[in-house]
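A quick write-up on the structure given underneath.
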Amino acid sequence: MAILPIIVAPDPRLKQKCKPVAAVDAAVARLMDDMLETMYAAPGIGLAAPQIGDARRIIVVDIAHRDEAPDPLRMANPELVAASEGLAAHDEGCLSLPEHFAEVVRPSRVRVRYLDQDNKRQEIETDGLLAVCLQHEMDHLDGILFVDHVSALKRNMILRKLQKAKKLGTLAAE
Ligand code: GNR
Ligand code: NI
C-alpha cells in the first residue's frame with residue numbers, strides 16, 4: 001500500500017469531470033486500498049480519485065470513529081439513484097481545502113449504486129454523515145468542491161487564502 005500526495009485547490013485537476021472505469025480489476029482495487037491508506041493517514045472520512053491526481057470515478061469512505069472498527073467503503077462509478085426532498089445542513093471540510101469549513105445544504109437521504117472492489121454491483125441507502133460524505137465524494141468526480149455550494153464571496157475568500165498559502169509554502173501538508 002502507499003500514501004499518495006493530496007492535491008490542494010486551486011488546481012485544474014480538481015475541476016475535471018472524471019471518466020468511469022470499465023471494470024474494477026486488480027489495479028483499480030489496489031488504487032482503492034492506496035486511497036484508503038492515504039485517507040486514514042490524512043486523516044479524513046472520504047477521498048476521491050481526482051484528489052490524488054487520478055481522473056477516474058473512484059471513491060473511498062469510512063465514517064467509523066477512531067475508537068471503532070474500520071468500516072471502509074470502496075466504490076467505482078458511484079451514481080446517485082435517489083435523493084430525498086428533505087434537506088440537511090452540515091459543516092463540511094475537504095482535504096483539498098485544508099483548514100477551511102463551511103455549511104453545505106444537501107438532500108438528507110440518498111441511494112447510491114456502485115461497483116465494489118470485487119466488481120459487483122451494489123446499492124446503499126443512507127442518511128446522516130455517510131450521506132453527506134458520499135455526496136461530497138461524488139461531487140469531486142464531477143469537478144465540484146464544497147465551496148461551489150456556498151456564496152461566491154466565501155468561495156473566493158477560501159480559494160484566495162489557499163492560493164496565497166501555496167505560494168508562501170505555508171500549507172500544513174508541505
Ligand atoms: O475528511 C473529510 N471530512 C468531511 C467532513 C464533512 C463533510 C465531508 C467531509 S469529506 C472530507 C475528506 C475529503 O475531502 N473528501 O473528499
Ligand atoms: Ni473533499
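When segment 92-144 is limited to residues that are in contact (Cβ under 8 Å) with a residue 60 or more places away in the chain and farther than 26 Å from residue 12 by Cα, the one that is surrounded by the fewest Cβ atoms within 10 Å (Cβ to Cβ) turns out to be 118.
Tell me, which strands (runs of 3 or more DSSP E) lie completely within segment 89-174 with 2 or more residues that are out of contact with any Leu (no Cβ under 8 Å at 6 or more places or on another chain) and within 13 Å of ligand 2 (Cβ to nearest atom)?
Values: elements: 102-107, 109-115, 121-127.
Counting at least 2 such residues, we get 102-107.
In the set 88, 48, 42, only one residue is within 16 Å of ligand 1 (Cβ to nearest atom) and more than 27 Å from residue 11 (Cα to Cα); that residue is 88.
For segment 3-53, filtered to residues that are closer than 16 Å to residue 134 by Cα and in a helix (DSSP H, G or I), the residue that is nearest to ligand 2 (Cβ to nearest atom) is 51.
Being at negative phi and in contact with a strand residue (DSSP E or B) (Cβ under 8 Å, 6 or more places away or on another chain) narrows it down to one residue among 141, 168; which is it? Can you show your working first?
Details: 168 fails: in contact with a strand residue (DSSP E or B) (Cβ under 8 Å, 6 or more places away or on another chain).
So the residue among 141, 168 that is at negative phi and in contact with a strand residue (DSSP E or B) (Cβ under 8 Å, 6 or more places away or on another chain) is 141.
Right, residue 32: surrounded by 18 or more Cβ atoms within 10 Å (Cβ to Cβ) and farther than 22 Å from residue 146 by Cβ or not? Considered against the rule, which asks whether it is surrounded by 18 or more Cβ atoms within 10 Å (Cβ to Cβ) and farther than 22 Å from residue 146 by Cβ, residue 32 comes out as yes. Can you give me the number of residues within segment 63-75 that are in contact with a helix residue (DSSP H, G or I) (Cβ under 7 Å, 6 or more places away or on another chain), assigned to a loop (DSSP other than H, G, I, E, B) and either surrounded by 24 or more Cβ atoms within 10 Å (Cβ to Cβ) or of a type outside the set (A, V, I, L, M, F, W, C) (or both)? Result for segment 63-75: 1. Taking the conditions (1) under 30 Å from residue 157 (Cβ atoms); (2) without any contact (Cβ under 8 Å) to a residue 24 or more places away in the chain; (3) in contact with an Asp or Glu (Cβ under 9 Å, 6 or more places away or on another chain) in turn, residue 43 satisfies each one other than (3).
For segment 160-171, the condition of being in contact (Cβ under 8 Å) with a residue 12 or more places away in the chain, basic (Lys, Arg) and touching a helix residue (DSSP H, G or I) at 6+ places or on another chain (Cβ under 8 Å) holds for none of the residues.
Taking segment 54-88, which residues are within 16 Å of ligand 2 (Cβ to nearest atom) and either touching a His at 6+ places or on another chain (Cβ under 6 Å) or farther than 19 Å from residue 31 by Cβ (or both)? 63, the sole residue that qualifies.
Read the figures in this text as sums done on the coordinates, not as results from a lab. None of these values were measured; they are calculated from a predicted model. All Cβ positions, glycine included, derive from the backbone under ideal geometry; neighbour counts span all protein chains shown.
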